[in-house]
Amino acid sequence: MQSTVQAGARLDRLPISRFHHRILWLIGGGMFLDSFDIYLAGGVLGALVKSGWSTMHLNATFLSSTFVGMLLGAFTAGVLGDAKGRKFTYQFNLAIFGIASLAGALAPSMNWLIVCRFFMGLGLGAEIVVGYGSIGEFIPPAVRGRWSAYLSLITNSALFCSTFLGYLLIPSIGWRAMFAIVGAGALVIWVLRRKMPESPRWLESKGRFEEAEKILAAAEAESARGQPLPLLVDTPRAAVYKTTLLDLFARHHLRRTLLSICVQIAINVVIYGFIVWVPTFLMKQGLGVASSLGFTTLMALGGPAGALLGVLIADKVGRRRGLVCVAAIAAVIGWLYGHSTSVGMATFLGFVLFTLTYLMVALGIATYIPELFATENRMRANGIAGCAGRITGIVAPQLVVVAYATGGIQDVLSIIVGTLVAMAVVLAVFGIETNQLSLEAIASTPGEAPVRSPAKQRVPTEQNH
């Protein structure tokens, strides 16, 4: 049969092989360090307050500077990811946050650390957008949810690793070691990622058919392992479309854009309005640095636990239905946490809330949002949604300071519960199900097919398969 590339159909028929595992680990390595760098803030900031090197307000500025950087990084990554490619953007952002992390380890004051954190944020925001946006472009639809959740599992295992290493290192060696670990690791992953293949779907969307064909042929040979591949459903060659950022806010895209923004805001309210503040909350209640980090480490086991649940259920219950149910349960747990009467009960409920939060990350941010959009604007859409999440990350720490000062942990949890309920209602009423569908089919849902302007196309090289 003569091939006209058909990147989506050819990738979707491949059996899982070393090709897919290699993609997962190359993306996952950078995402793990990205998450590690984000979540080390909880332990570091608690220790800085305890030592007098920082204050609650400086800590809030540190978190906000992180998300100002992540806001700009997410937007830039969305534009670069669709214009210059997934691989170029991976390497660019990884170098930025790796070098900035090493600089942060040497910061002479809290103000300098805040400046370094801004530059870390540029790379961190980009990594999340491109990593979660790219993994689904390589994985067949029957297991795409599971593999996106695998990436979330790798990424959010850093929550436990970061808090555990913080528990071991911060009281004895100091907080600087945490930034040094991330910086050195990021530069190692940067070298390994040089062998990362570009997304054939993206190459085809740009009319770069010969490059797409070369990667597809290699992936097919590796996945086939000498056996015949499943028959390829003969579909028309994908057109090369010219799109702009404003297309995401046109009538045919607006529903999906708003859904993705809603999911990002709600999940980020929980993460940056509660989870990263847990060590500080516990210290404010009278626990020492070591005890606070110890209890937080136990709760942080919910990070990988939630992502693992995502692996088990993502392709069974679906994204929309799963997010609605999990958000409702998390709202109940959040209310109970605010009314817990002992450290033991708070630790248990905190673990459950961590678990449900990172299950929502696996279903929503890692899987659902990137699935909603076509290849030619997937990164920009993921970037716009990511920007909404980063704005939430800027505002949430300031809201926490105000809410905690006026009403304590109960007022903080009231904000979180209300946000989760709102997300559940929006998804129940307006959500689109993407489970078990090819990315091309999702992008062309009847009645919602995006308006596209075909660009001038080149004819791909035809090869026999």
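Read the figures in this text as sums done on the coordinates, not as results from a lab. Keep in mind that this is a model prediction, so the values were computed, not measured. Cβ coordinates were reconstructed from backbone atoms using ideal geometry, including for glycine residues, and neighbour counts include every protein chain displayed.
Worth a mention:
- Rounded to the nearest 20, the Cβ-based charge dipole of the chain about its Cα centre (Lys and Arg +1, Asp and Glu -1) stands at 340 debye.
- The distance between label points at LEU229 and LEU246 comes to 4.0 nm (points 7 Å beyond Cα on the Cα→Cβ vector).
- Each principal axis of the Cα cloud of the chain was evaluated for its coordinate range; sorted largest first, these ranges are 71, 46, 41 Å.
- When region 305-355 is reduced to its Cα atoms, the Kirkwood hydrodynamic radius in Å: 11.8 Å
- Across region 283-440, Cα-Cα distances exceeding 23 Å account for 44% of all pairs.
- For PHE249, neighbours were defined as the other residues whose beta-carbon sits under 14 Å from its Cβ, and their charges (Lys and Arg +1, Asp and Glu -1) total +3.
- Separation of region 200-215 from region 1-66 is 26 Å, based on Cα centroids.
- Mean Cα-pair separation over length for the chain, i.e. relative contact order, pairs under 8 Å, 6 or more apart, %: 28 percent
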